[in-house]
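Participant: This structure is in structure tokens; I'll ask about it shortly.
Where a number appears in this text, it was derived from the coordinates with a stated rule and is not lab data. Note that the structure is predicted; figures quoted are calculated from it, not measured. For neighbour counting, all protein chains shown are included, and Cβ atoms are generated from backbone atoms with ideal geometry for every residue, glycine included.
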């Protein structure tokens, strides 16, 4: 690979695609070009800055409309959203949750917060998500149905939830994964943290599972600073999500009575105000990101040593993070390029260390993870900010 991957050429092509002006090019930075200041000032002027306020309600309504689901519950971050989704899906201590090993640690941590155990799944190279066909084979080897519950024969534990993650905004093959989940009596919860604005067979991600979680961290396609949201079509689950995330407090004009252990997870009005303004601009952000992705594809056309990852035939990605996929898995070559490009003022990043390679999750159950392990040495994320796409649209 050292002979086929021209690092200087790759850096030159990145600079070409982003119209690099010599200034530091971060991986992904937010863009505030709408009514953010107006809405934040309104919160401050009215005094409604905490977890109650009109912008929280408005942001939830706007997000539900955008994602084409009846209910959206805003919370303090994407990890909190994942945690509550799993609890509402019935996850109990000792359960196993099927998640990709190629994911951000929040996916695994949310499982751990429930007292459950991650059960790691391999990757599909067409989507970077969970490989449904390989998962089916794995379950045939290790699982059985008892009553209406799937059990791992090797550990004796229930396998309660399948939680695919839409990696870098690229939708996993949800229909195939739903088929597997339904056959094995496993609930599907979408980790849609990275995929706001992405489409699966023409429909927004986040509406295919029993529940879904979206993130609005500072590096996401829209941001509330810190924030997340729970999406669902189930009215009962939506009401319970709001109750659990509001410290399980019973409504009362002045009494404080909490009927169970809840969480102080609600999104503050200030953050929601930022989110309302950002969501108003999302279509423009998506168009700019598409221009940038197209520029990368054009720049790297015919490049020897790697290619720009693109959509599966069923998907339309939000292009949150654009990835260069090296032709050969080689951690040393990958790391040399990361060091060289970052030193040159062009921020690049490796994919997250695989979950089963982390000491805290090394002993968790897993299928064969050879595809994910191969991808770990091949993925390099490139500068993907909206502003670079806007340069191609002007």
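Participant: What is the distance, in nm, between label points placed 7 Å from the Cα along the Cα-to-Cβ direction at residue 29 and at residue 44?
Facilitator: Simple spin-label model gives 2.2 nm for this pair.
Participant: Of the residues 289, 353, 239, which exhibits the maximal mean-square fluctuation in a Gaussian network model of the chain defined by a 10 Å Cα contact cut-off?
Facilitator: Of 289, 353, 239, the Gaussian network model singles out 239 as fluctuating most.
Participant: Let me ask something else about it. Using only the Cα atoms of segment 245-394, construct the convex hull and provide its projected area averaged over every direction, in square nanometres to one decimal.
Facilitator: Seen from a random direction, the Cα hull of segment 245-394 projects 15.1 nm² on average.
Participant: Still on this structure: Taking the beta-carbon count within 10 Å as an exposure proxy, list 246, 107 from fewest neighbours to most.
Facilitator: Ascending Cβ contact count within 10 Å gives the list 246, 107.
Participant: Normalised by the number of residues in the chain, what is the relative contact order in percent for Cα pairs under 8 Å and 6+ residues apart?
Facilitator: Result for the chain is 26 percent.
Participant: Counting pairs of alpha carbon atoms under 8 Å apart in space and at least six apart in sequence, what relative contact order in percent does segment 116-174 give?
Facilitator: 33 percent
Participant: For 222, 380, what's the fewest-to-most ordering of other Cβ within 10 Å of each Cβ?
Facilitator: 380, 222
Participant: Please report how far the C-alpha centroid of segment 299-320 lies from that of segment 108-164, rounded to the nearest whole angstrom.
Facilitator: Using only Cα atoms to place each centre, the spacing works out to 29 Å.
Participant: Taking segment 324-394 on its own, what percent of its Cα-Cα pair distances exceed 17 Å?
Facilitator: That fraction is 55 percent.
Participant: Would you kindly calculate the mean projected area, averaged across all directions, of the convex hull enclosing the Cα atoms of the chain, in square nanometres?
Facilitator: 20.1 nm²
Participant: Determine the gain in length on full extension of the stretch residue 343-residue 65; use 0.36 nm per residue of separation and subtract their C-alpha separation, reporting nm with one decimal.
Facilitator: 95.8 nm
Participant: How many nm separate the modelled label positions at residue 140 and residue 259, each set 7 Å beyond the Cα in the direction of the Cβ?
Facilitator: It works out to 4.6 nm between the two label points.
Participant: Given the C-alpha centroids of segment 321-394 and segment 1-79, what is the distance between them in whole angstrom?
Facilitator: So the two Cα centres are separated by 20 Å.
Participant: What number, rounded to the nearest 500 deg cm²/dmol, is the helix-based mean residue ellipticity at 222 nm of the chain, given -39500 (n - 2.57) per DSSP H run of at least four residues and division by all its residues?
Facilitator: That comes out to -11000 deg cm²/dmol.
Participant: Still on this structure, please answer the following. Would you mind computing, in nm to one decimal, how far apart the modelled labels at residue 9 and residue 182 are, each placed 7 Å from Cα along Cα→Cβ?
Facilitator: 4.8 nm
Participant: Could you identify which residue out of 209, 284, 306 has the top mean-square fluctuation in a GNM of the chain using Cα springs shorter than 10 Å?
Facilitator: Maximum among the listed residues: 284.
Participant: Please report 260, 194 as a ranked list, fewest other C-beta atoms within 10 angstrom at the top and most at the bottom.
Facilitator: In order of increasing Cβ crowding within 10 Å: 260, 194.
Participant: Another one. Would you mind classifying segment 140-260 by shape? Square roots of the alpha carbon gyration tensor eigenvalues, ordered a ≥ b ≥ c; an a/c under 1.5 is rounded, otherwise it is prolate if a/b is larger than b/c and oblate if not.
Facilitator: oblate
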